[in-house]
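> Have a look at the structure that comes next, please.
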Amino acid sequence: MTVLRRLALPALALLVAACSEQPEPKNEVVVYTSRNDELIKPVFDAYTEQTGVSIRYITDNAGALAARLKAEGEQSPADLLVTVDAGNLWQATQEDLLQSVESTVLEGNVPEHLRDEQGRWFGLTQRARTIVYSTERVQPSELSSYEALADEQWKGRLCLRTSKKVYNQSLVATMIERLGEEEAERVVRGWVDNLATDVFANDNAVMEAIIAGQCDVGIVNTYYFGRLQRDNPQLPLKLFWANQDSSGTHVNISGGGVTRNAPNREAAVALLEWMSKPEAQKLLADGNLEYPASSGVEAAEQVKAWGDFKADDLNVSVAGSRQVEAVKLMDRAGYR
């Protein structure tokens, strides 16, 4: 054996060893999600059972997850971001945290107004935000729209959740888009003038105040009402579908998008596509009494019992693109 050959053989062995140590394609998707564990785990478990693909996920609020993605940059292990409110997803696109996906499955299952026009996020469930009222002190014939809650009729009878919650910011953002800034501000000022008491931290507190007789009407996300109704079927409250003679009831979404630096992009797209299909839509929506994003999937029986309604078909991305204007408007109007 020549000297050259004696030197070359170990090098070749090292090369073969290095090749054999190439990582196997990962059979795993990493998800960052703001959805509560008890809501999202059954969905992920079902996917793993059907496909064999494991899902590793962490939960936190949307802002913290976005900050984490930003800090991790190209080293991020996250493949998918799943969160609530189109405003949060829109903000993620502004920070370049999501990438475009072209998928006939997603485009076929998710209506156009519930997804980003560049395919960076897709709605997975719909979350309606509408009027709730006391069945003991309000006749449904007295109600009509979000705007009408600014009328003198509701002086001292309205309860609202704080303007600091993104759900109210998104509602006002769509009002700016529909009504123009001047009219939207007039409405919000009217709400503030009609408040029976200081704003509440959450929707449950709004409904509890109505039950207690502190006020007569409020604005809530329907799944909060559903949870309360599930615990107390004799609840002296009902939902009223706002703006049925005009723009339709405001809806927002929970949704997801593939992260900018997804290490396992194909698997992330496959999971997102699966979540837009009927079985997953039922799991996603029914678990929190929300509405499926896919129009071909029925809501839970309890949710269907609230009746059909016309939903606002404005693209939900407006909730993000006008969010800064909405926050400033609510501040000017004294809505805290």
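> Can you check what the net charge comes to around Ser294, using other residues whose Cβ is under 15 Å from the Cβ of Ser294 (Lys, Arg +1; Asp, Glu -1)?
Values: positive: Arg115, Arg127, Lys277, Lys282; negative: Glu107, Glu112, Glu273, Glu279, Asp286, Glu290, Glu298.
Residues near Ser294 contribute -3 overall.
> With runs of 4+ DSSP H residues as the only contributors, calculate the mean residue ellipticity of the chain at 222 nm using -39,500 (n - 2.57) per run, divided by the residue total and rounded to the nearest 500.
-12500 deg cm²/dmol
> Further question on the same structure: In nm, to one decimal, how far is the Lys328 label point from the Asn202 one, both placed 7 Å along Cα→Cβ?
3.2
> I need the fraction of alpha carbon pairs in segment 109-180 separated by more than 20 Å, rounded to a whole percent. Don't skip to the answer; put the middle values down first.
Details: 1219 of 2556 pairs.
That fraction is 48 percent.
> Once amide H atoms are placed 1.01 Å from N in the peptide plane, what residues at a sequence separation of 5 or more from Lys310, or on another chain, have their amide H within under 5 Å of its amide H?
Excluding prolines and chain starts, which carry no amide H, the hits are Thr249.
> Shifting gears a bit: Evaluate E = 1/(1 + (r/R0)^6) for Thr135 and Arg265, where r is the Cβ-Cβ distance and R0 equals 56 Å; express this FRET efficiency to the nearest 0.05. Write down the numbers at each step before the final one.
Values: r = 51 Å, r/R0 = 0.90.
Given R0 = 56 Å and the Cβ-Cβ separation, E is 0.65.
> Further question on the same structure: Quick check on packing: order 84-93, 164-173 by the mean number of other C-beta atoms within 10 Å, highest mean leading.
Values: 84-93: 24.8, 164-173: 22.8.
Answer by packing, highest mean first, reads 84-93, 164-173.
> Taking the chain, how many lysine pairs are there with alpha carbons less than 16 Å apart, if each pair must be eight or more places apart or span two chains? Walk me through the intermediate numbers first.
Details: Lys41/Lys282; Lys164/Lys328; Lys165/Lys328; Lys238/Lys304; Lys282/Lys304.
Final tally of qualifying lysine pairs is 5.
> Still on this structure: From the phi of every residue in segment 176-192, what ³J(HN,Hα) in whole Hz does the Karplus formula 6.51 cos²θ - 1.76 cosθ + 1.60 yield, where θ is phi - 60° and glycine or proline is x?
Running phi through 6.51 cos²θ - 1.76 cosθ + 1.60 with θ = phi - 60° gives 4, 5, 7, 9, x, 5, 5, 5, 4, 5, 4, 5, 5, 4, x, 4, 4 Hz.
> Let me see the P(r) profile for segment 140-226: every Cα-Cα distance counted, bins of 5 Å, each bin given as a percent of all pairs.
Distribution as computed: 3, 15, 25, 27, 21, 8, 2, 0 percent.
> Semi-axes of the equivalent ellipsoid for segment 200-260, please: Cα gyration tensor eigenvalues, times 5, square-rooted, ordered largest first, whole Å.
Details: eigenvalues 130, 56, 28 Å².
Whole-Å semi-axes of the equivalent ellipsoid: 26, 17, 12.
> Next question, about the same structure. Across 10 Å bins from 0, what is the distribution of all Cα-Cα pair distances for segment 46-130, in whole percents?
The calculated distribution, bin by bin, is 14, 43, 37, 5, 0.
> Hull surface divided by four, with the convex hull built on the Cα atoms of segment 244-289: how many nm²? Don't skip to the end; give the middle numbers.
Numbers: hull surface 19.5 nm².
About 4.9 nm², averaged over all directions.
> Could you tell me what a quarter of the Cα convex hull surface of the chain works out to, in nm² with one decimal place?
On the way: hull surface 81.8 nm².
The directionally averaged projection comes out at 20.5 nm².
No value in this document is a laboratory result; all are computed from the given coordinates. Everything numeric in this text was worked out from a predicted model, so none of it was measured. Methodologically, a virtual Cβ is constructed for each residue, glycine included, from the backbone with ideal geometry; neighbour enumeration extends over all protein chains shown.
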